[in-house]
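Comments concern the structure below.
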Amino acid sequence: MHEQAVIVGQTRRMVGVITEPRPAGGGAGEPAYILLNAGLVHRVGPSRLYVKLARRLAAQGVTVLRFDHSGIGDSEVAHDNRSYIERTIIEAGEAMDTLDRLRGIRRFVLLGVCSGAATAFRAATEDPRVVGAVLINAQAFYDEQEWNRHVFNQRWANEYWTQSLFRWDSWRRALTGRIQYKRLLGVLGRRAKNLVWKDKTVRTTSDRLRRDIRALLDREVRLSMIYSEGDRGLEYLNLAYKKDAAARLVESGVAVTLIPNADHTFTLLRDQRRLIEAIERWRQTPLNPAEEA
């Protein structure tokens, strides 16, 4: 295995590390993996997850690039008027350009945790060089305020009905005036309304998510969706697919993996190991059923 620091991007402002097998180049026709920042965590990934994953993949003959988007880690701040969403998609493309220029690789798998998964998904829908995407605890998928608010409120209301309503601590807080009644009534009211009607933006975004996933599959892009069991990101999928999203996605050809008892960023070594093993199984298996790691 060999690692090399590189500059990514047309303006030479982003810093990355290529991890690759010896000799360089990987297996014949093997796509390179590009690891995208999980929020503001720099290119080592949450709890150094990306370093471990890159080295495991390189040991199997895969070239991997992990880099910092502009303004994160060692990369310079971008001085333009683009939104964060627009910029990360463009920069994912520049990372592909860099591997093409330096290693002659033209096929890519994008991988990310949380917001990095959303970037991977959106970039995959726009760039035909992407042949696979690994989406880990993907949140939102799109920058739609009402879509995000709807999922947040639904989760908050569900937790209230299924948990807080039956806990003495919640009643004690209510009796001592430490409950945000205005927020509670507003959220529960919206939940009741949404049982029979959803905001037009929410319906439109749900339709868009299903169409984009279908378009990727029709383009023969391999998709792996990995979630910590109970992660909020699953609720976006259930909203789009009217519940039972995992089963419907598997029927469509998406690999879906649920990892029990793991937190959102896979902090524990045990959970990182299960996550990396799930990615390896998906990479080596043409068709994957839904599984529990």
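Of note:
Residues checked against (1) exposed (fewer than 14 other Cβ atoms within 10 Å of the Cβ); (2) outside the structural domain of residue 282 (by TED's automatic domain parsing); (3) more than 21 Å from residue 129 (Cβ to Cβ):
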| site | (1), (2), (3) |
| --- | --- |
| 11 | yes, no, no |
| 22 | yes, no, yes |
| 59 | yes, no, yes |
| 63 | no, no, no |
| 73 | no, no, yes |
| 76 | no, no, yes |
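- Some residue of segment 12-26 being out of contact with any Ser or Thr (no Cβ under 8 Å at 6 or more places or on another chain) and in contact (Cβ under 8 Å) with a residue 60 or more places away in the chain: no
- Matching residues, segment 78-96, being touching a residue at least 12 places away in the same chain (Cβ under 8 Å) and either within 28 Å of residue 218 (Cα to Cα) or not assigned by TED's automatic domain parsing to the domain that holds residue 15 (or both): 85, 87, 88, 89, 91, 92, 93, 94, 95, 96
- Taken together, 273, 219, 283 contain a single residue that is closer than 27 Å to residue 31 by Cβ, among the basic types (Lys, Arg) and loosely packed, with under 13 Cβ neighbours inside 10 Å, which is 219.
- Test result for residue 120, outside any helix (DSSP H, G or I), crowded, with 19+ Cβ neighbours inside 10 Å and touching a residue at least 40 places away in the same chain (Cβ under 8 Å): no
- Count of residues meeting criterion [under 20 Å from residue 38 (Cα atoms), in contact (Cβ under 8 Å) with a residue 60 or more places away in the chain and surrounded by 20 or more Cβ atoms within 10 Å (Cβ to Cβ)] in segment 232-264: 2
- Meets criteria (in contact with a Cys (Cβ under 6 Å, 6 or more places away or on another chain) and among the small types (Gly, Ala, Ser)) for residue 38: yes
- Of all residues in segment 210-227, those being in contact with a Leu (Cβ under 8 Å, 6 or more places away or on another chain) and either outside any helix (DSSP H, G or I) or closer than 24 Å to residue 152 by Cβ (or both) number 6.
- Test: residue in segment 93-109 that is at pLDDT 95 or above, crowded, with 16+ Cβ neighbours inside 10 Å, under 20 Å from residue 16 (Cα atoms) and of a type in the set (Ser, Thr, Tyr): yes
The values are calculated or read from the model by the stated rules, or taken from the named source; none is laboratory data. The shown structure was predicted, so the numbers you read here are calculated from the model rather than taken from an experiment. Here Cβ is always computed from backbone atoms with ideal geometry, including for glycine, and neighbour counts include all displayed protein chains.
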